[in-house]
Amino acid sequence: MIAIIDNDVILKLARWDLLSELTTLLGGDGKRIYYLSTCIPALCGRPARMKRTGCDQASAERIRNFCSSANTLRAIPKASTLELLAGIPEIDVGEVQIFAISSVDADAITYMGDKRSLVALAATPAARSVALLLAGRVKCLEQVIGELILQSDVEIVGQRVLACRPIADTAITIAFSGHPGVRPEPQVWEALYSYYQDLRHATGDLLAPFPSIREHDSSSPPQSVP
């Protein structure tokens, strides 16, 4: 298995100081992790761009460290697939490249932060062939956060998310927000699963299964192991 990770996922996990945990989750050494060539210049480039994305110096350093142990995505996608996906306005250039490459590599899991691109891919009849190839091999941010909770602890992940200012992702922040501190774990799982289900309803078979939480509180929605 290899993991192809979108810039948006990298940025948000960097701002939450969870990139090293992602590396551990995906094998520990970064050898199976791939990122776009635009990642560092787009996220850690000019100060104006960093200010717009909320990427402070600490987050930029985490991104550079993460990329130094991972691999730049260099595969050349099929021109026909690039052309097809480029015609969908909600899918940006980097997402086009990731979808095109992942669709022809059965070992690739795509980590995508932009839900609009996933909905657009699933809803575009002309892109149906690409969506079918990717089916079950795409993970959204809620799935990633769930996997990180299973790997570490809901308090650790939640405290880092809640400490981030300005907020990196409203839905994820709400999922962890208690009064005060981090919500009880079953409530966090319920919120993450609800967001996942909403996206799954809009994207069909595109998403991989939600992380197994059977070992957690019985009030949490049971799911099968991915």
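Observations, loosely collected:
- Within this structure, Pro77 passes the test of being modelled with pLDDT under 95, under 24 Å from Val119 (Cβ atoms) and either assigned by TED's automatic domain parsing to the domain that holds Arg116 or in a helix (DSSP H, G or I) (or both).
- Glu95 being assigned by TED's automatic domain parsing to the domain that holds Ile33, touching a helix residue (DSSP H, G or I) at 6+ places or on another chain (Cβ under 7 Å) and among the acidic types (Asp, Glu): yes
- Between Ile149, Ile167, Ile172, the distinction of being in contact (Cβ under 8 Å) with a residue 12 or more places away in the chain and either more than 20 Å from Thr53 (Cα to Cα) or assigned to a loop (DSSP other than H, G, I, E, B) (or both) belongs to Ile149 only.
- Count of the range 37-62 residues which are under 21 Å from Ala108 (Cα atoms) and buried (at least 19 other Cβ atoms within 10 Å of the Cβ): 1
- Yes/no for Cys67 being modelled with pLDDT under 95 and crowded, with 19+ Cβ neighbours inside 10 Å: no
- Test: residue in the range 83-91 that is more than 28 Å from Ser212 (Cβ to Cβ), out of contact with any His (no Cβ under 8 Å at 6 or more places or on another chain), touching a residue at least 12 places away in the same chain (Cβ under 8 Å) and among the charged types (D, E, K, R): yes
The values are calculated or read from the model by the stated rules, or taken from the named source; none is laboratory data. This structure is a prediction, so every number in the text was calculated from the model and none was measured. Neighbour counts are summed over all protein chains in view; Cβ atoms, including those assigned to glycine, are modelled from backbone coordinates with ideal geometry.
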